[in-house]
Amino acid sequence: MLTSAQRTGTTVLLAEAAARRGLATAVLDGPGTVGRLAGRPVHWYGGPLAAAGIAAPLGLALLEPEDDWLARLPEEFTRRRIELTTLSEAWTLRHPAFVKPPADKSLPPAVYADGSRLPRTGERIGPDTPVLVSEPVTFAAEYRLFVLDGEVITGSRYARFGRLDPAPVTAGATGFARRLLDAVGDTLPGAVALDVGPIADPYDPAERWAVVEANLPWFAHSYAADPERVLDVVLRAAGPAAELREADRRFVRTAG
């Protein structure tokens, strides 16, 4: 397993889990690393920018949800209006909106007062940059669930009211995820990280569960999830193209 040079807590936990299985681990510390690993089966944990430079020479198939997945979901699972558009279109917004890239971090995900507050320039930022624009909501809690073949195999709470607060996953989170996956599981890769949570409504105390977003497992923090099970998802989501399952071919990240 190859990891980025940025040593996060999740990187350490996954490297330790890989070592317990007898998997060799390496850190991407320069072009020489790719040369030494070329021709060997490799799995990846790290960011999409570094991945773009190593996927082809190492024969990696990196799975990611389709850009418009969240926008295509029935509103019973999102509980807010969401659309996939371009940054140039988002610049014309005249009202507050939550704006984020579909997968990477080309611009900061945030609620912007209007389109004039969105960045105009920057690395990987341009008029055609895809963005998801959604109605602002407040999540009372947010949970990250690691999904393999349509089943939640581990997870963790990671925030409460937008503040980092890892804790064990709840039955409410996994129950909502099961309903979602039963309905639209075939629209996701076989290995994915799914963020969900109840939306806070001061006028309604009932829990209104919704999808926050779908994430790249090979670039997702594990928080309080079981690192052994997280590793299972990462290995499937970012591994040799030769081992790719037919159903996942349409979810392979393209270069760029």
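The values are calculated or read from the model by the stated rules, or taken from the named source; none is laboratory data. Here the structure is a predicted model, which means the values were calculated and not measured. So basically every Cβ, Gly included, is an ideal-geometry build from the backbone, and we count neighbours across all protein chains shown. Note: areas computed on protein heavy atoms with side chains; ligands, DNA, RNA excluded. Shrake-Rupley method; radii C 1.70, N 1.55, O 1.52, S 1.80 Å.
Look at the dipole of region 12-123 built from charges on Cβ: of Thr78, Val12, Pro109, the Cα furthest out on the positive end belongs to Val12.
Evaluated with a Cβ-only charge set (Lys, Arg +1; Asp, Glu -1), region 164-241 carries a dipole of roughly 200 debye about its Cα centre, given to the nearest 20.
Three principal axis extents of region 84-220 based on alpha-carbon atoms, in descending order, are 42, 37, 27 Å. In plain terms, the chain from Ala5 to Leu164 could stretch by 54.9 nm, reckoned as 0.36 nm per residue minus the Cα-Cα distance. A full extension of the chain between Asp29 and Glu246 corresponds to an added length of 74.9 nm, given 0.36 nm per residue minus the alpha carbon distance. For region 63-148, the alpha carbon convex hull comes to 114 Å³ per residue, rounded to a whole number.
Roughly how many nanometres apart are two label points built 7 Å out from the Cα toward the Cβ at Asp186 and Arg72? Label-label distance for Asp186 and Arg72, simple model: 1.2 nm.
With respect to the chain, whose longest principal axis is taken over its alpha-carbon atoms, helix 227-237 is tilted by about 90°. Counted over all Cα-Cα pairs of region 5-107, pairs farther apart than 19 Å make up 60 percent. Overall dimensions of region 145-199, expressed as equivalent-ellipsoid semi-axes from the Cα gyration tensor (√(5λ), whole Å, largest first), are 20, 11, 10.
Its DSSP H runs of at least 4 residues, each contributing -39,500 (n - 2.57), put the calculated 222 nm mean residue ellipticity of the chain at -7000 deg cm²/dmol, to the nearest 500. Computed FRET efficiency, Cβ-Cβ of Phe98 and Ala19, R0 41 Å: what is it to the nearest 0.05? After rounding to 0.05, the efficiency reads 0.55.
For the chain, the solvent-accessible area of protein heavy atoms averages 48 Å² per residue (probe radius 1.4 Å; ligands and nucleic acids excluded). When the chain is described by a simple charge dipole with +1 on each Lys and Arg Cβ and -1 on each Asp and Glu Cβ, the residue from Leu2, Gly162, Trp218 located farthest towards its positive end is Leu2. Kirkwood Rh over Cα pairs of region 5-56 into Stokes-Einstein at 37 °C, 0.692 mPa s: D in µm²/s? Rounded, D is 276 µm²/s. In degrees, nearest 10, range 0 to 90: what is the angle between the Cα axis of helix 9-20 and the longest Cα principal axis of the chain? Tilt relative to the chain: about 40 degrees. The calculated FRET efficiency for the pair Ala38 and Glu135, based on their C-beta separation and a Förster distance of 45 Å, comes to about 0.45.
The alpha carbon radius of gyration of the chain, expressed as a multiple of 2.2 N^0.38 Å, is 1.02.
Its alpha carbons considered, region 89-134 gives a radius of gyration followed by a Dmax of 9.5, 26 Å. Rounded to the nearest 20, the size of the Cβ-charge dipole of the chain about its Cα centre is 580 debye, with Lys and Arg at +1 and Asp and Glu at -1.
Taking the convex hull of the alpha carbon positions in region 155-256 and averaging its projected area over all directions gives 8.0 nm². For region 167-175, 3J(HN,Hα) computed residue by residue from phi via the Karplus equation (6.51, -1.76, 1.60; θ = phi - 60°) reads 6, x, 6, 10, 5, x, 5, 5, x Hz, glycine and proline entered as x. Only one residue of Ala55, Val34, Pro65 has its Cα farthest out toward the positive end of the dipole of region 15-83, where Lys and Arg carry +1 and Asp and Glu -1 on Cβ, and that residue is Val34. Taken over the C-alpha atoms, region 122-168 has Rg and Dmax values of 15.4, 40 angstrom. Placing a label point 7 Å from the Cα of Glu89 along the Cα-to-Cβ direction, the residues of region 116-146 whose backbone N falls under 19 Å from that point are 116-120, 125-136. Per residue, the average separation of C-alpha pairs within less than 8 Å and at least 6 apart gives the chain a relative contact order of 23 percent.
Once neighbouring chains are kept in place and the probe is 1.4 Å, which whole percent of the accessible area of the chain is contributed by carbon and sulfur? For the chain, the apolar C and S fraction of the accessible surface comes to 52 percent.
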